[in-house]
Amino acid sequence: MNTLDLEVKAEFCLQCVVPKCMEACPVEGAMVVDPKTGARIIVAEKCTACGKCAEACPFNSKGTILFLNAERRAYVKCDLCGGKPKCVEYCPTGALSLRSLEVT
């Protein structure tokens with residue numbers, strides 16, 4: 001198979017305006033909006049690793065957007081690296097960028 005024939009699809013947290021993962025989380029304060037970046041983040045110290053966030057995310061069918069970090073015993077997802085995403089910084093082709101969505 002030619003490598004050009006492979007379809008590559010990046011999967012990442014879409015930082016939903018009304019996140020189903022946050023609605024599903026039963027632990028108050030385990031998922032919050034970062035006031036600096038607006039990212040929906042998981043507070044590892046409060047996460048009970050129940051997985052309800054991962055189940056609720058409509059984009060997480062492959063388990064690659066929200067997933068369990070067994071070592072930390074907490075679920076993880078993109079947190080925008082504090083506003084400076086490493087994936088954007090280190091993308092060798094410059095194909096990635098961080099943009100704000102206009103919500104009307």
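The values are calculated or read from the model by the stated rules, or taken from the named source; none is laboratory data. For clarity, every value in this text was computed on a predicted model and none was experimentally measured. Virtual Cβ from ideal backbone geometry, glycine too; neighbours counted across all protein chains shown.
Things worth noting here:
- Test for residue 49: is it among the hydrophobic types (A, V, I, L, M, F, W, C), modelled with pLDDT of 95 or more and not in a loop (DSSP other than H, G, I, E, B): no
- Filter result for residue 49 (on the phi < 0 side of the Ramachandran plot and among the small types (Gly, Ala, Ser)): no
- The number of residues in segment 20-45 that are in contact with a Ser or Thr (Cβ under 9 Å, 6 or more places away or on another chain) and closer than 11 Å to residue 80 by Cα comes to 1.
- All positions within segment 60-104 that are without any contact (Cβ under 8 Å) to a residue 24 or more places away in the chain and among the aromatic types (Phe, Trp, Tyr): 67, 90
- Residue in segment 60-76 that is surrounded by the most Cβ atoms within 10 Å (Cβ to Cβ), counting only those that are among the β-branched types (Val, Ile, Thr) and in a loop (DSSP other than H, G, I, E, B): 65
- Pair list, Cβ under 7 Å, 6 or more apart: segment 27-55 residue over 14 Å from residue 77 (Cβ atoms), other residue surrounded by 13 or more Cβ atoms within 10 Å (Cβ to Cβ) and acidic (Asp, Glu): none
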